[in-house]
Amino acid sequence: MRMLINSADTVVADALRGMAAAHPELDVDVERRVVVRRDAREGGRVGLVSGGGSGHEPLHAGFVGYGMLSAACPGEVFTSPVPDQMLRAASAVDAGRGVLFVVKNYTGDVLNFEMAAELAGEDGLRVESVLVNDDVAVTDSLYTAGRRGTGATLFVEKIAGAAAEAGAPLERVAAVARRV
């Protein structure tokens, strides 16, 4: 066996349909590629949104839940999600306390989350971003994009998620995430 997929063309949609079937506590929009906690707006918590190219599962969609992410935006395989997904996710989880974007240091993720944050601001949403760039296996040089942030992203999502779940304000959740 070489692969455990039905078709390369539908792998992300198939995975999202499976996630929706297995996790009724999540709203999974297969068409628009957004996974959201059903209770994301309850309790007035800061919303946490992350995302990235599919193919790294369970990161990020697999970590949407209590004490973790409020929403995730899965892109196509190894391709950044688009700003519309991120804006849709931020709007879905904003409970009036703001939204934190957890961004890995991949060029497409950085650019698209920056654009989504600008669009969110224009829509009246308060958004802060945390860039995760911890990868010690990659050195900064003229020939690489630099440290990608693949190692610590899970810890940032968990620790910031716990702070948000405990009711910390956006500034505190962002500060905690930046110290990871």
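Take the stretch 122-154 and flag every residue that is at pLDDT 90 or above and among the basic types (Lys, Arg).
Within the stretch 122-154, Arg126 is the sole residue that qualifies.
Quick one: in the stretch 45-56, of everything that is surrounded by 24 or more Cβ atoms within 10 Å (Cβ to Cβ) and of a type outside the set (A, V, I, L, M), which residue is nearest to the chain's Cα centre (by Cα)?
First pass over the stretch 45-56, keeping only residues surrounded by 24 or more Cβ atoms within 10 Å (Cβ to Cβ): 45-52.
Still in the running and of a type outside the set (A, V, I, L, M): 45, 47, 50-52.
Details: Arg45: 16, Gly47: 10, Ser50: 1, Gly51: 3, Gly52: 7 Å.
For the stretch 45-56, the residue satisfying everything is Ser50.
Out of all the residues in the stretch 150-180, which are among the hydrophobic types (A, V, I, L, M, F, W, C), closer than 14 Å to Val103 by Cα and in a loop (DSSP other than H, G, I, E, B)?
Passing the criteria: Ala152, Val180.
Within the stretch 57-74, work out how many residues are at pLDDT below 95, out of contact with any Leu (no Cβ under 9 Å at 6 or more places or on another chain) and buried (at least 16 other Cβ atoms within 10 Å of the Cβ).
1
Is it fair to say Val110 is among the β-branched types (Val, Ile, Thr), farther than 20 Å from Glu157 by Cα, surrounded by fewer than 23 Cβ atoms within 10 Å (Cβ to Cβ) and modelled with pLDDT under 95?
In short, no.
Of the conditions (1) surrounded by fewer than 17 Cβ atoms within 10 Å (Cβ to Cβ); (2) assigned to a loop (DSSP other than H, G, I, E, B), Ala40 fails just one. Which one is it?
(1)
Somewhere in the stretch 51-74, is a residue in a strand (DSSP E or B), within 14 Å of Leu154 (Cα to Cα), touching a residue at least 40 places away in the same chain (Cβ under 8 Å) and among the small types (Gly, Ala, Ser)?
Yes: one or more hits.
I'd like to know if the stretch 6-29 contains one or more residues that are buried (at least 20 other Cβ atoms within 10 Å of the Cβ), touching a Lys or Arg at 6+ places or on another chain (Cβ under 6 Å) and not in a loop (DSSP other than H, G, I, E, B).
No, the conditions are met nowhere in the stretch 6-29.
Filter the stretch 89-137 for residues that are of a type in the set (Phe, Trp, Tyr) and outside any helix (DSSP H, G or I) and give the result. Give the steps one after another, and end with the answer.
First, pick out the residues of the stretch 89-137 that are of a type in the set (Phe, Trp, Tyr): 101, 106, 113.
Result: Phe101, Tyr106.
Every residue in the stretch 161-180 that is of a type in the set (A, V, I, L, M, F, W, C) and either at positive phi or modelled with pLDDT of 95 or more (or both), please.
Going through the stretch 161-180, the residues of a type in the set (A, V, I, L, M, F, W, C) turn out to be 162-164, 166, 168, 170, 173-177, 180.
Matches in the stretch 161-180: Ala162, Ala163, Ala164, Ala166, Ala168, Leu170, Val173, Ala174, Ala175, Val176, Ala177.
Look at Pro81 and say whether it is in a loop (DSSP other than H, G, I, E, B), closer than 21 Å to Leu119 by Cα, in contact (Cβ under 8 Å) with a residue 12 or more places away in the chain and under 14 Å from the mean Cα position of the chain (by Cα). Break it down into steps so the answer makes sense when it comes.
Working: in a loop (DSSP other than H, G, I, E, B): yes; closer than 21 Å to Leu119 by Cα: yes; in contact (Cβ under 8 Å) with a residue 12 or more places away in the chain: yes; under 14 Å from the mean Cα position of the chain (by Cα): yes.
Answer is yes for this residue.
The values are calculated or read from the model by the stated rules, or taken from the named source; none is laboratory data. Model, not experiment: these values are computed from the prediction. Here the Cβ is made from the backbone with ideal geometry for all residues, glycine too, and neighbour counts use every protein chain on show.
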